[in-house]
Amino acid sequence: MCMRYDLDLIRKELDTLPNYNKQLYLQGYSKDMNPEEGADSGYDVDESEHTYDVPLFDIPYINKIISENNLVRTRLMKMKSKTCYLWHADKTKRLHIPVYTHAHCFLLIDEDRIHLPADGTAYIVDTTKNHTALNCSKKDRIHIVGAFK
């Protein structure tokens, strides 16, 4: 199943959001939640992520995508140049919409190396398997990532 979205419209809405360092929650557990909460702590909210279903910003097109795909704990995730995440597994699969990326940015899922281009495609990624993400480029990699309810 391939889902395609208007990447220019997504980028236009994202340009209205506040600056952030690593991640910005697009959905939270309450409207008053700090959208950068926990971005640097690495804490695990997998057990309660289903409660992160309140839209935090007025971004109608992106909020419609979130709703259509029944997503929770949707975040805008910025991966800095020359970085990677810890090797881990999530409780549910994730929907990834690459917004800005580079050919040298990829996911490692078990032994598979996967590049997700920023062309408006939304990808269902089986992050219940052991995985990490790597940015081996000189530019930031930005994805919208949401968990399925």
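Nothing in this text is a laboratory measurement; each read-out follows from the coordinates by a stated rule. Bear in mind that the values here come from a model prediction, so they are computed numbers and not experimental data. So basically every Cβ, Gly included, is an ideal-geometry build from the backbone, and we count neighbours across all protein chains shown.
Odds and ends about this structure:
- Each of the peptides 123-131, 71-79 was scored by the mean count of other Cβ atoms within 10 Å over its residues; in descending order, highest first, they stand as 71-79, 123-131.
- Rounded to the nearest 20 debye, the dipole size of region 56-149 about its Cα centre is 320 debye, using +1 on the Cβ of Lys and Arg and -1 on the Cβ of Asp and Glu.
- Dipole axis of region 3-148 (+1 Lys, Arg; -1 Asp, Glu on Cβ), positive-most option in S137, A147, L9: S137
- Extension gain, M33 to S67: 0.36 nm times the residue separation minus the Cα-Cα distance gives 10.3 nm.
- Each residue, I114 and S81, gets one label point 7 Å from its Cα in the Cβ direction; the gap between the two is 2.7 nm.
- MRE, 222 nm, helices only [DSSP H, n ≥ 4, -39500 (n - 2.57), over the chain, to nearest 500]: -3000 deg cm²/dmol
- Note on I144, I97: ascending count of other Cβ atoms within 10 Å places them as I144, I97, the fewest first.
- Cα centre as origin, Lys/Arg/Asp/Glu Cβ charges: region 101-149 dipole, Debye: 200
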